[in-house]
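Okay, so here's the structure we're looking at.
The values are calculated or read from the model by the stated rules, or taken from the named source; none is laboratory data. Here the structure is a predicted model, which is why all the values come from computation and not from measurement. Every residue, glycine as well, gets a Cβ built from its backbone with ideal geometry; the counts of neighbours run over all protein chains shown. Note: areas computed on protein heavy atoms with side chains; ligands, DNA, RNA excluded. Shrake-Rupley method; radii C 1.70, N 1.55, O 1.52, S 1.80 Å.
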Amino acid sequence: MTYNNNTPKCTLYLAPSTIPNAGLGIFTSIALPSGTPLPGGFDAAIPISDMDFHNDGSHDAEDYHWLFSEYTWSSASIGKVMEYEAEKTSGFSWGYGALPNCHFWMINVMESSCDFDTVGLTPENSPGAGAFTGHYNRLAHAYEDVKAGGELFVSYGTNWFPTRESYMGLVPGEDDFEAGEEFIETVSELFESLVDSTTVKDDVHYMGQVRVDIWNMIVNSPYKSRPLAALPKAYKTAVRAMDVGIMQTEEELATHSVEYLEEHGKCLDHIHPQNSTIPHAGRGAFATRYLPKGTVVSSAPLIHIPDRDILTMYDDSEDGESRDLSKPIGQQLLLNYCWGHPKSSMLLCPYSHGTPFINHDRQDPNVKIQWMKNDDRYHNSSWLDEPVSFFDSEWTTKLMFEYVALRDIQEGEEVLVDYGKEWEEAWNEHVKAWNPDESYVSPHELNKDYDLPLKTHEEDASVYTDIFGYHTDKKSGEREIHRIRARRPDPNNKNDGFVYDLEVIGSGNYVKRVKDVSRSQMHFYHKPYKADIFREGSFRHEMMIPDERFPNAWRNL
């Protein structure tokens with residue numbers, strides 16, 4: 001394929017947000033009718049488990065630096081599988097879950113919960129099991145009609161801004177915009193009465209200035225409130241809002257021209273995820289269109305972790321109330337999605353559409369990473385000269401990688417980058433030491449494949465040691481399965497051809513027996529800390545920033 005005018009252009013851009021002081025946002029270059037799936041809208045999510053416990057403190061109390069608290073979602077919003085994985089889990093969703101801003105009067109993007117799918121890789125058949133996230137397919141769609149050039153907004157939840165008021169100020173919610181709408185109608189009536197009562201030309205001009213002064217006095221009032229923050233700051237914008245309403249005014253302001261995006265934005269949909277061609281890698285990133293040599297395939301802001309040790313996980317102490325520092329049990333899965341260097345405690349974790357899906361090839365990579373050129377809107381190159389300790393007090397992202405094509409990349413070709421010699425050596429050692437776990441039972445395969453008969457407790461009491469299930473019916477709702485007591489042929493020959501007698505845990509924790517349960521009425525999950533990502537020996541290693549690109553100021557080890 002050769003590049004020509006018929007090659008599809010970029011439809012999704014990273015560009016400066018239309019919200020003042022909000023940094024970057026994402027924009028569509030095409031109109032998106034309500035309900036339309038969004039470009040690149042196949043997010044994955046990385047589970048992050050019990051960070052406060054493993055660090056013996058609280059990031060809210062700044063016991064450790066954790067910028068990810070600004071970018072993660074509750075496990076409930078990611079999906080039920082993640083909820084059950086650990087005692088307290090959050091999810092880092094790196095595309096529409098991290099890039100868009102929130103404007104409560106302009107929410108135009110909704111995301112679904114994740115599916116769970118490890119593309120068939122399990123501890124029974126792959127050394128890659130537990131090395132990548134199975135939380136996948138968090139679909140995004142347009143919740144409202146979005147114009148070409150429009151900024152995309154998601155809801156952070158009603159509590160997100162109030163809990164950050166000390167450094168973000170009073171950010172208006174939906175009710176505050178409604179109150180602002182009512183207030184501006186009242187002011188409009190006042191201004192009209194001032195004009196109606198004036199006939200002399202000079203007085204009309206004078207009253208115009210009075211209206212400006214009144215408006216400036218209102219919005220600059222020392223008595224701050226969220227409804228006040230919902231009002232347009234500029235008088236000219238306020239006049240427009242008096243005519244068409246705050247919502248339409250905000251919508252008009254929340255748009256860049258497509259020409260602006262093409263000139264100043266960074267394309268986000270050059271790549272998309274699908275199953276990787278690399279053995280044991282899970283999913284990969286593939287070219288959406290032909291990408292000539294030198295193309296910036298993806299631009300990714302970087303979340304900094306000044307002390308990589310905060311990703312270490314520990315076993316419980318004897319009392320079960322705290323960590324045992326003498327018993328490290330592994331690293332957070334997040335480590336596999338971050339870049340580092342052997343001589344530094346610093347980790348940099350990219351977020352962007354598809355970028356974390358890019359897999360490794362040391363012999364024939366087709367992209368490389370490089371620092372973006374200095375641009376106050378995207379990348380502050382002065383940070384490369386700051387010591388690691390500087391980042392302990394920085395709570396924004398101001399660094400960015402570019403993934404640049406080393407050669408022409410064809411449409412549909414997998415995009416690959418060199419993770420570094422250290423990473424490759426660690427992976428090869430892991431593969432040599434790996435042994436398949438033939439006793440492994442995947443709850444997710446049980447949920448997908450009804451042709452797998454379930455073993456009863458009498459047949460094998462240990463088979464469900466690491467998983468548990470729920471029985472659901474319309475009358476009783478969802479109840480945890482205590483034991484599978486019996487299996488017999490299904491007279492209706494549905495599902496796997498069997499029905500089951502269960503013991504389920506009812507209200508008051510009493511055990512109740514339920515007969516003739518079909519497979520479609522059962523759903524299985526890993527027990528806490530038994531998922532693949534928690535298994536001893538699951539592969540963990542950061543990707544390595546090339547030595548010639550790594551700042552000397554960060555070499556603190």
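Go through (1) without any contact (Cβ under 8 Å) to a residue 60 or more places away in the chain; (2) surrounded by 19 or more Cβ atoms within 10 Å (Cβ to Cβ) one by one and return the number of the condition Glu178 breaks.
(2)
Please state which one of Tyr64, Tyr84 is of a type in the set (Phe, Trp, Tyr), under 28 Å from Arg308 (Cβ atoms) and open to solvent by 30 Å² or more (accessible area, probe 1.4 Å).
Tyr84
Between a residue in segment 474-488 that is under 12 Å from Gly506 (Cβ atoms) and any residue that is of a type in the set (D, E, K, R), which pairs come within a Cβ distance under 6 Å, given they are 6 or more apart or on different chains?
His482/Glu503
As an exercise: evaluate His280 against (1) open to solvent by 60 Å² or more (accessible area, probe 1.4 Å); (2) part of a helix (DSSP H, G or I); (3) not charged (D, E, K, R) and give the number of the one condition it does not meet.
So the condition that His280 fails would be (2).
Listed here are the residues, each with its yes/no results for (1) within 25 Å of Thr118 (Cα to Cα); (2) in a loop (DSSP other than H, G, I, E, B); (3) open to solvent by 60 Å² or more (accessible area, probe 1.4 Å); (4) among the β-branched types (Val, Ile, Thr).
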| site | (1), (2), (3), (4) |
| --- | --- |
| Asn447 | yes, no, no, no |
| Asp451 | yes, yes, yes, no |
| Leu454 | yes, yes, no, no |
| His457 | no, yes, yes, no |
| Ala461 | no, yes, yes, no |
| Thr465 | yes, yes, yes, yes |
| His471 | yes, no, no, no |
| Lys475 | no, yes, yes, no |
| Arg479 | no, no, no, no |
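Taking segment 24-53 as the search range and keeping residues that are within 22 Å of Tyr260 (Cα to Cα) and modelled with pLDDT under 90, which one is surrounded by the fewest Cβ atoms within 10 Å (Cβ to Cβ)?
Here the answer is Pro39.
Restricting to segment 529-554, name every residue that is free of Cβ contacts under 8 Å to residues at least 24 places away in the same chain and not charged (D, E, K, R).
Asn552
Looking at segment 310-321, is at least one residue more than 30 Å from Asn55 (Cβ to Cβ), open to solvent by less than 70 Å² (accessible area, probe 1.4 Å) and assigned to a strand (DSSP E or B)? Working first, answer last.
The initial filter retains those residues of segment 310-321 that are more than 30 Å from Asn55 (Cβ to Cβ), namely none.
No: zero hits.
Between a residue in segment 317-331 that is on the phi > 0 side of the Ramachandran plot and any residue that is surrounded by 11 or more Cβ atoms within 10 Å (Cβ to Cβ) and in a strand (DSSP E or B), which pairs come within a Cβ distance under 9 Å, given they are 6 or more apart or on different chains?
Gly330/Thr312; Gly330/Met313
Go through (1) open to solvent by less than 10 Å² (accessible area, probe 1.4 Å); (2) modelled with pLDDT under 95 one by one and return the number of the condition Met106 breaks.
(1)
Looking at segment 112-171, which of the residues that are small (Gly, Ala, Ser) and in contact with a Cys (Cβ under 9 Å, 6 or more places away or on another chain) is surrounded by the fewest Cβ atoms within 10 Å (Cβ to Cβ)?
Gly157
Find all pairs meeting these conditions: Cβ atoms under 6 angstrom apart; at least six residues apart or on different chains; first residue within segment 23-39 and more than 19 Å from Gly265 (Cα to Cα); second residue open to solvent by less than 20 Å² (accessible area, probe 1.4 Å).
Pairs found: Ser34/Ala142; Thr36/Ala142.
Could you check, for segment 538-550, whether at least one of its residues is assigned to a strand (DSSP E or B) and modelled with pLDDT of 90 or more? Step through it out loud before you land on a result.
First, the residues of segment 538-550 that are assigned to a strand (DSSP E or B): 543-544.
Restricting the remaining residues to those that are modelled with pLDDT of 90 or more gives 543-544.
Yes, segment 538-550 contains at least one residue that is assigned to a strand (DSSP E or B) and modelled with pLDDT of 90 or more.
Answer yes or no: is there a residue in segment 346-354 that is part of a loop (DSSP other than H, G, I, E, B), buried (at least 22 other Cβ atoms within 10 Å of the Cβ) and in contact with a helix residue (DSSP H, G or I) (Cβ under 6 Å, 6 or more places away or on another chain).
Looking for residues that are part of a loop (DSSP other than H, G, I, E, B), buried (at least 22 other Cβ atoms within 10 Å of the Cβ) and in contact with a helix residue (DSSP H, G or I) (Cβ under 6 Å, 6 or more places away or on another chain), one finds at least one in segment 346-354, hence yes.
Of a type in the set (Gly, Ala, Ser), within 28 Å of Asn556 (Cα to Cα), open to solvent by less than 30 Å² (accessible area, probe 1.4 Å) and in contact (Cβ under 8 Å) with a residue 12 or more places away in the chain: does that describe Gly340?
Yes.
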